[in-house]
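All remarks here apply to the structure that follows.
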Amino acid sequence: MNLIIGVTGPTGSGKSVLSEYCNKFGFRHVNCDTLARKAVEKDSEGLLALTKVFGDDILNTDGTLDRKKLATIAFYSKENTELLNKTIFPFIKELVLKETNKGKILLDAPTLFESGINEICFKTIAVLSDNEIRLKRIISRDNLTKEEALLRMNAGKSDDFYQKNADYIIYNNKTEDEFFTDFSEVLTKIFQQGENL
């Protein structure tokens, strides 16, 4: 059975910890961030497309992508963020389709709906958190200043966007154990629906 569940949410929501947990349910974790990195490797078509849009200044001297420089440009405005997504999504989507063609998959995709990848999912889950909690996570995770972290947060979608589009919402404001309990309840419901197909 091929069953794909899409997990998404704004940056800093803490959804990445679910990757360690999904194996207990027999799901294979596919991380779109990992595939996004693969899509812009040195000399790749994805990286070439990015340089055509944002210029060669986003490259390091060795021809690899300078992620911090790209982030500064791409998250400067919503228009630039949309331009980044529009440019790179086709390359990421191609890799996602190759990785999710069989089995039970938990697809971890920050831009699940914006990319249209939600179309291959049986159900979708959005993980949300309070802004203060997200801010602390982003600063700690990415070693950013408060201003840099806020820039990334403001470039993303609002909670309303996820509430409107996702089949299920899980809030990650408490302990990790409580988060996993809520997630397991939702995953069980979805899996039961999938078995009844």
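The values are calculated or read from the model by the stated rules, or taken from the named source; none is laboratory data. Predicted model, so just to flag it, every value in this text is computed and none were measured. We work out accessible area using only protein heavy atoms, side chains counted, and drop any ligands, DNA or RNA first. Shrake-Rupley method; radii C 1.70, N 1.55, O 1.52, S 1.80 Å.
Annotation: extensible slack from Leu151 through Leu97 equals 16.4 nm (criterion: 0.36 nm per residue apart, minus Cα-Cα distance). Scaled against 2.2 N^0.38 Å for its residue count N, the alpha carbon radius of gyration of region 40-156 is 1.17.
Straight-line reach from Lys38: taking Cα to Cα under 26 Å and skipping same-chain neighbours fewer than 8 places apart, the lysines in range are Lys15, Lys52, Lys68, Lys69, Lys78, Lys86, Lys93, Lys98, Lys102, Lys104, Lys123, Lys157.
Look at the Cα gyration tensor of region 157-197: its axes a ≥ b ≥ c give a/c of at least 1.5 with a/b at or below b/c, and that counts as oblate. The residues of region 101-182 expose, per residue, 56 Å² of accessible area to a 1.4 Å probe. Once you divide the Cα radius of gyration of the chain by 2.2 N^0.38 Å, the number left is 1.04.
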